[in-house]
Amino acid sequence: MSHIDLISTTSGMTAARQLSKSLIQHNKKLVLTESCTGGLVASWLTKIPGISAHFCGSAVVYRNETKHTWLDVPRKILIRPGPVSQIVAKAMARGVLIATPEADVAASITGHFGPDAPRQQDGLFFIGIASRNTNTPRVVVHRFRFPLPMHELTPLKVRRQRQHQAGRIVCQLLADHLQP
């Protein structure tokens, strides 16, 4: 488990604005690839005027075949250990950074937020952050797990809350990563 608080009260837009400030301060360009958040982080960022100077774009790669075709994630690891894994998050971050030569940093997110998640994967997600150092990007992966949902919440509400929390975590990790 990583050090980020999974019960953050920061809004998605606040987290995106903080990330935007870090990108500007460090003069870095970002590219994203999102699976379980479905482009939510990219949506927040693109609401910020002028972000195009520091945000290259985002690939929403929801299906395994798209992860393979767009990002060159090996089919073998998409089968085993599967898309909700550290190695796939790493391959996604590396793949989108390689595919976006103007980007300095990339982030990926893959996970299972339900409903109908296998119990061992319910609420599990991985965030990969890739940085351009040399010809081979350096990638760090963080593992997170949301607690099992409360019974009074509907499965769709649980899913939506998890997506928003995970999106905020992506923004916070990236802003932290950009600090020297």
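Quick note: the coordinates plus some simple rules give every number you see, no bench work behind them. For clarity, every value in this text was computed on a predicted model and none was experimentally measured. All Cβ positions, glycine included, derive from the backbone under ideal geometry; neighbour counts span all protein chains shown.
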Along its principal axes, what span do the Cα atoms of the chain show, with the longest given first and each in whole Å? 45, 38, 25
If we count trypsin sites (Lys or Arg not before Pro) as exposed when they sit in a DSSP loop and have at most 13 other beta carbons within 10 Å, what is the longest stretch of the chain that avoids them all? 120-180
Compactness ratio of region 53-106: Cα Rg over 2.2 N^0.38 Å, N = residue count? 1.13
Formal net charge of residues neighbouring residue 76 (Cβ-Cβ distance under 15 Å; K, R +1; D, E -1): +2
Can you give me the long-range amide H partners of residue 100? Hydrogens built in the peptide plane at 1.01 Å from N, cutoff under 5 Å, separation of 5 or more residues or another chain. none
Theoretical gain in end-to-end length, residue 145 to residue 11 [0.36 nm per residue, Cα-Cα removed]: 46.3 nm
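Quick check on the chain: helices-only [θ] at 222 nm, where DSSP H runs of length 4 and up contribute -39,500 (n - 2.57) each and the sum goes over total residues. Nearest 500, please.
Values: 6 runs with 70 residues, N = 180.
Result for the chain, helices only: -12000 deg cm²/dmol.
Summing +1 for each Lys or Arg and -1 for each Asp or Glu, what net charge is found among the other residues whose Cβ lies under 11 Å from the Cβ of residue 104?
On the way: positive: 28, 29, 132; negative: 102.
So the environment of residue 104 carries a net charge of +2.
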Over region 12-178, what is the relative contact order in whole percent, taking alpha-carbon pairs under 8 Å and six or more residues apart? 26
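Hey, could you get me the Stokes-Einstein D for region 41-142, Kirkwood radius over alpha-carbon pairs, 25 °C and 0.890 mPa s, rounded to whole µm² s⁻¹?
Details: Rh = 14.2 Å.
Answer, rounded: 172 µm²/s.
Between residue 179 and residue 153, what FRET efficiency comes out of the Förster formula 1/(1 + (r/R0)^6) with R0 = 41 Å and r the beta carbon distance, rounded to 0.05?
0.75
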Cβ-based net charge around residue 90, under 13 Å, with every Lys or Arg adding one and every Asp or Glu removing one: +3
